[in-house]
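Undergrad: Structure provided below as structure tokens; questions to follow.
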Amino acid sequence: MNRRAFISLLGGAAAWPVAVRAQPTMPVIGLLGVTSPDTNVDRLRAFHRGLKDSGYVEGENVAIIYRWAENQIDRLPALAADLVRRRVSVIVAHNSSSAPVAKAATTTIPIVFAVSEDPVRLGLVASLARPGGNLTGINFFSGELGGKRLEFMRELVPAAMRVAVLVNPTNATSAAASSKEVEAAARHLGLQIQVIRASTGREIDAAFAAFGREPPDSVYVAGDAFFTSRHVQLTHLAARHAIPATYGNREITEAGGLMSYGTDRSDAFRQMGVYTGRILKGEKPADLPVVQSTKFELVINAQIARMLGLAVPPSLLAIADEVIE
């Protein structure tokens, strides 16, 4: 199946009546996503691989109802309530914004989450080893890696002193965690930072327009599903203004970003699929420890570096998981 067909399949699935897609005895997964299917194709493929590893294939012995908020976080409660009304077997909460909403919607339906911050601090589980309640999942980190990401950027752009940090204020918990981590790292590295908030495409445009008057030496884009969905806009603006930028996941670097450092998201979503399958087989979320990602990847786009007049130092080339030429 090609990429376009797969996107159409995921996007249209939400409108299909369950009775058409599944027999009455077939378990149903409800997937609660913040962005849209076209920005999550690779991650959803990984989730399906994890399901298959656990013995489940969509359309054969399990059905999936997709609910996408299309970057409108205020839609999440109604979408979660719809999945609860449909009495799905498991709710899959796609990120740090959808997980708390799913938790508020039900105390009985099992929930598998993928979040970028400490799920204990988010109030999702009692502890990592013994989650308790009806939730468990994957912590793929984001803010916790901010300091290392800033170090890599400083190594690539040694003259950089002023860094603009772009965060999404609608994802308040994640934005606060990212800001705190980067501020601590910036003090250690002797950098000056300016936190800039953007939650719409127009606000991203406005942020870069302001850079034109007094451009920073580099831009740090916080790991956030919204920014991933705006990867084309972000990479085009960074190139237009000739500003080195660092990102939290490889998708943006592959789309024309300079550099990214973060969790291997595909592996995290595969593990989420495995956990979903185990719960469908009867295991309880309370008994499944939260998985903490251990695979991290540094990706450098050498072509963009050359365009910006940057020489990638051998020290970074030696540790990079991938260098895009």
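Undergrad: I'd like the full set of residues that are crowded, with 23+ Cβ neighbours inside 10 Å and either more than 15 Å from the chain's Cα centre (by Cα) or β-branched (Val, Ile, Thr) (or both), limited to the stretch 106-126.
TA: Across the stretch 106-126, the qualifying residues are Pro110, Ile111, Val112, Val115, Leu124, Val125.
Undergrad: Something else: Being under 26 Å from Asn301 (Cβ atoms) and surrounded by fewer than 21 Cβ atoms within 10 Å (Cβ to Cβ) is the filter here, so list the residues in the stretch 158-180 that pass it.
TA: Passing the criteria: Pro158, Ala159, Ala160, Met161, Arg162, Ser179.
Undergrad: Within the stretch 280-311, which residues are surrounded by 13 or more Cβ atoms within 10 Å (Cβ to Cβ), in contact with a Ser or Thr (Cβ under 8 Å, 6 or more places away or on another chain) and more than 30 Å from Lys148 (Cα to Cα)?
TA: Leu280, Pro285, Ala286
Undergrad: Any residue at all in the stretch 57-79 that is among the charged types (D, E, K, R) and touching a Leu at 6+ places or on another chain (Cβ under 6 Å)?
TA: Scanning the stretch 57-79, I find at least one residue that is among the charged types (D, E, K, R) and touching a Leu at 6+ places or on another chain (Cβ under 6 Å), so the answer is yes.
Undergrad: Kindly indicate the residue of the stretch 300-316 that is more than 13 Å from Met153 (Cα to Cα) and of a type outside the set (Gly, Ala, Ser) and also nearest to the chain's Cα centre (by Cα) among those meeting that condition.
TA: Across the stretch 300-316, the extreme among qualifying residues is Ile304.
Undergrad: Residues to consider are Gly123, Gly133; find the one that is free of Cβ contacts under 8 Å to residues at least 60 places away in the same chain and on the phi > 0 side of the Ramachandran plot.
TA: Exactly one residue qualifies, and that residue is Gly123.
Undergrad: Could you go through the stretch 55-77 and let me know if any residue there is in a loop (DSSP other than H, G, I, E, B), closer than 18 Å to Val274 by Cβ and touching a residue at least 60 places away in the same chain (Cβ under 8 Å).
TA: yes
Rule-based calculations on the coordinates, nothing more; no lab input. Everything numeric in this text was worked out from a predicted model, so none of it was measured. Every residue, glycine among them, receives a Cβ derived from its backbone with ideal geometry; neighbour counts consider all protein chains shown.
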